[in-house]
Amino acid sequence: MFNPQTPVQVSPQDYERQVVRWLSDANKSPVDLTIEHLKNLEGSGGLYEIDAVATLILLGGMEIKIIVECKRYSRKVEREVLLALQAKKEDVRAQKAMIFSTSGFQSRAIDYASEKGICCVSFLDGQALMMTKGFDAPKRDLSATPKSFAGVMLARKEDGNIHGSTIDFRHVEPLAEWLRA
């Protein structure tokens with residue numbers, strides 16, 4: 001499974017802005033997508049500050065609320081964090097949830113997320129894509145770009161293996177597909 005050796009060094013503001021930018025760039029389908037950074041949502045458990053909230057308005061006016069969490073831990077995200085995210089999603093009556101992590105995910109966390117339909121993305125320094133042999137996209141040379149970031153969307157598939165889809169400033173299709181699913 002792809003987890004960074006050391007968490008990427010990024011400020012909380014730059015991290016969250018990059019995630020919001022990727023989500024905005026993924027909006028290339030015939031749906032109306034709005035993204036709000038640092039939004040407060042009310043649930044029966046109280047008020048939650050959510051790192052980002054995406055709202056899809058589908059044809060016919062159906063609204064899909066997606067909560068997005070950005071974790072900057074020194075260790076891999078554990079299953080318990082995903083349990084809490086699932087509970088928060090249900091409490092604020094969101095239909096979907098995503099979680100980004102600068103330190104990767106434990107395999108049990110990915111298992112739980114895959115079961116519940118939660119999108120998990122390891123957030124990386126863009127140069128890390130130079131080493132993604134075995135993932136779904138070819139290696140990309142990001143050396144000519146200023147401080148770039150990349151991601152690997154992780155999920156356990158039917159074959160029992162964890163698969164990754166790369167995300168960077170030119171390639172957000174995996175996020176777009178997940179948003180539309």
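The values are calculated or read from the model by the stated rules, or taken from the named source; none is laboratory data. Note that the coordinates shown come from a computational prediction; the quantities given were computed from them, not determined experimentally. Cβ: placed from backbone, ideal geometry, glycine included. Neighbour counts: every protein chain shown.
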Please determine whether any residue of segment 89-101 is among the hydroxyl-bearing types (Ser, Thr, Tyr) and in contact (Cβ under 8 Å) with a residue 60 or more places away in the chain. no
Restricting attention to segment 122-130, does a residue exist that is of a type outside the set (A, V, I, L, M, F, W, C), modelled with pLDDT under 90 and over 18 Å from VAL20 (Cα atoms)? yes
Which of the residues that make up segment 54-68 are at pLDDT 95 or above and out of contact with any helix residue (DSSP H, G or I) (no Cβ under 6 Å at 6 or more places or on another chain)? LYS65, ILE66, VAL68
From VAL81, VAL10, residue being of a type in the set (Val, Ile, Thr) and assigned to a loop (DSSP other than H, G, I, E, B): VAL10
Sort through ASN40, ASN27 and tell me the only one that's surrounded by fewer than 16 Cβ atoms within 10 Å (Cβ to Cβ) and in contact with a Leu (Cβ under 6 Å, 6 or more places away or on another chain). ASN40
Those residues of segment 30-77 which are outside any strand (DSSP E or B) and within 19 Å of the chain's Cα centre (by Cα), in sequence order: ARG72, TYR73, SER74, ARG75, LYS76
Every residue from segment 135-179 that is surrounded by fewer than 16 Cβ atoms within 10 Å (Cβ to Cβ), modelled with pLDDT under 85 and either more than 26 Å from ARG108 (Cα to Cα) or out of contact with any strand residue (DSSP E or B) (no Cβ under 8 Å at 6 or more places or on another chain) (or both): PRO138, LYS139, ASP141, SER143, ALA144, THR145, PRO146, LYS147, ARG170
Residues of segment 56-83 being surrounded by 16 or more Cβ atoms within 10 Å (Cβ to Cβ) and not basic (Lys, Arg), which ones? LEU56, ILE64, ILE66, ILE67, VAL68, GLU69, CYS70, VAL77, VAL81, LEU82
From ASP51, ASP111, ASP32, ASP91, which residue is surrounded by 13 or more Cβ atoms within 10 Å (Cβ to Cβ), out of contact with any helix residue (DSSP H, G or I) (no Cβ under 7 Å at 6 or more places or on another chain) and under 30 Å from THR6 (Cβ atoms)? ASP111
Looking at (1) at pLDDT 85 or above; (2) farther than 20 Å from ALA113 by Cβ, find the lone condition where LYS28 falls short. (1)
